[in-house]
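Below you'll find the structure, written out as structure tokens, and then a few comments.
The values are calculated or read from the model by the stated rules, or taken from the named source; none is laboratory data. Note that the structure is predicted; figures quoted are calculated from it, not measured. Backbone-built Cβ (ideal geometry, glycine too); neighbour counts: all protein chains shown. These area figures cover heavy atoms from the full protein model, side chains too; ligands, DNA and RNA do not enter into them. Shrake-Rupley method; radii C 1.70, N 1.55, O 1.52, S 1.80 Å.
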Amino acid sequence: MKKTGGKWKSKEDCIYFIASQVESLIHGQKACNNLLIAVNEINTEDHIKTIESWCESGKNVFIDSGVFNLTNEHMRAHGITMDEALALPPSKIDGFSELLEKYYSIIDRIGNKVWGYIEVDQGGKENKRKTRAKIEGDGYSPIPVYHPLVDGWDYFDELAENYDRICFGNVVHADRNTRLRLMATAWERRRKYPNLWIHLLGMTPNEWAPAVPVTSSDSITWLRLDMWST
């Protein structure tokens with residue numbers, strides 16, 4: 001079993017992260033101790049120092065890889081769909097090498113202080129395996145990402161058997177019924193791996209959560225108005 005990086009403790013209760021840029025999280029952290037921020041939003045030395053101060057004060061800071069933003073930019077630049085952009089190998093995505101370099105520099109600074117950090121999950125499962133192997137070979141311990149709509153059940157079992165935490169994707173752009181099915185799927189699949197921590201990416205807690213709970217999730221919803229006002 002591979003231990004993913006960060007100061008996460010396996011006995012923690014369920015956690016909800018608010019996700020946004022640093023400037024909005026400065027306000028959000030007053031009300032919530034669990035904060036998610038993507039690599040593409042960490043752009044200055046002041047951003048790093050602010051995140052360090054949150055960690056030192058006992059807050060859980062979760063670092064997203066920034067792949068979602070990267071593929072969105074590529075999608076708009078090349079007139080393709082998000083699904084098409086997400087499926088491309090890293091070598092075909094504009095700015096991937098620069099993102100990976102930035103990812104390394106940030107994890108070097110704060111990787112042992114944050115709650116955890118997500119793998120750079122560009123491309124399908126074969127590309128994710130290759131990139132994760134490189135990242136792990138370079139001395140880092142990212143949390144793998146499983147995409148239930150495209151990766152297949154064998155890949156879920158592969159990750160669940162080898163890692164203490166995984167992230168569960170395909171949620172952000174899903175409609176209501178698909179989101180419910182994804183939550184139910186995560187809950188049912190975890191029953192075989194009771195010690196596995198599953199983080200549902202881009203899921204706002206709602207009335208479904210008591211019925212099909214996941215161990216953690218994140219959402220930008222509660223800070224959306226503040227984000228657009230900054």
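Output ³J(HN,Hα) for region 29-38: one whole-Hz value per residue in order, computed from phi by the Karplus curve 6.51 cos²θ - 1.76 cosθ + 1.60 with θ = phi - 60°, and x for Gly and Pro.
5, 6, 10, 9, 8, 10, 10, 10, 9, 8
Through the Karplus equation 6.51 cos²θ - 1.76 cosθ + 1.60, θ set to phi - 60°, convert the phi angles of region 10-19 into ³J(HN,Hα) values in whole Hz; use x for Gly and Pro.
Each residue of region 10-19 in turn: 5, 8, 5, 6, 4, 10, 10, 9, 8, 10 Hz.
Using Cα positions and a limit of under 17 Å, work out the aspartates and glutamates in reach of K125, with same-chain residues fewer than 8 apart set aside.
D83, E84, E136, D151, D154, D157, E158, E161
Please compute the per residue accessible area over the chain with all protein chains in place, 1.4 Å probe, rounded to a whole number of Å².
On the way: 11260 Å² over 230 residues.
Using a 1.4 Å probe on heavy atoms only, each residue of the chain averages 49 Å².
Can you tell me the FRET efficiency between W187 and E161 if r is taken as the Cβ-Cβ distance and R0 is 22 Å, rounded to the nearest 0.05? Before the final figure, lay out each step's value.
Details: r = 18 Å, r/R0 = 0.82.
For W187 and E161, the calculated efficiency is 0.75.
Extending each Cα 7 Å along its Cβ direction at N177 and T221, get the distance between those two points in nm, one decimal.
Label-label distance for N177 and T221, simple model: 2.0 nm.
Cut-off under 29 Å on the C-alpha distance; same-chain residues fewer than 8 positions from K30 excluded. Which lysines are left, in chain and number order?
Candidates past the 8-residue exclusion: K7, K9, K11, K49, K59, K102, K113.
Hey, what do the phi angles of region 174-180 turn into as Karplus ³J(HN,Hα) couplings, whole Hz, using 6.51/-1.76/1.60 and θ = phi - 60°, x for Gly and Pro?
Once θ is set to phi - 60°, the couplings for region 174-180 become 6, 6, 4, 5, 5, 4, 4 Hz.
Give, as ranges by residue number, the residues of region 52-80 whose backbone N falls under 11 Å from the point 7 Å along Cα→Cβ of K9.
none
Of the heavy-atom accessible surface of the chain (probe 1.4 angstrom), what whole percent is carbon and sulfur? Could you put the intermediate results ahead of the total?
Working: 5860 of 11260 Å².
Here carbon and sulfur together make up 52 percent of the probe-accessible area.
Counting only residues 5 or more places away or on other chains, whose amide H sits under 5 Å from the amide H of K7 once H atoms are built in the peptide plane?
Counting only residues 5 or more places away or on other chains, the set is V114, W115, G116.
Can you pull the one-decimal nm distance between simple spin-label points at S57 and L149, each 7 Å off the Cα toward Cβ?
3.7 nm
Calculate, in nm to one decimal, what N43 and R76 gain on full extension: separation in residues at 0.36 nm each, minus their alpha carbon distance. Mind dumping the intermediate values first?
Details: separation 33, 0.36 × 33 = 11.88 nm, distance 2.19 nm.
Working it through step by step, the gained length comes to 9.7 nm.
Provide the FRET efficiency to the nearest 0.05 for the E126-N69 pair, computing r from the beta carbons and using R0 = 30 Å.
According to the calculation, E is roughly 0.85.
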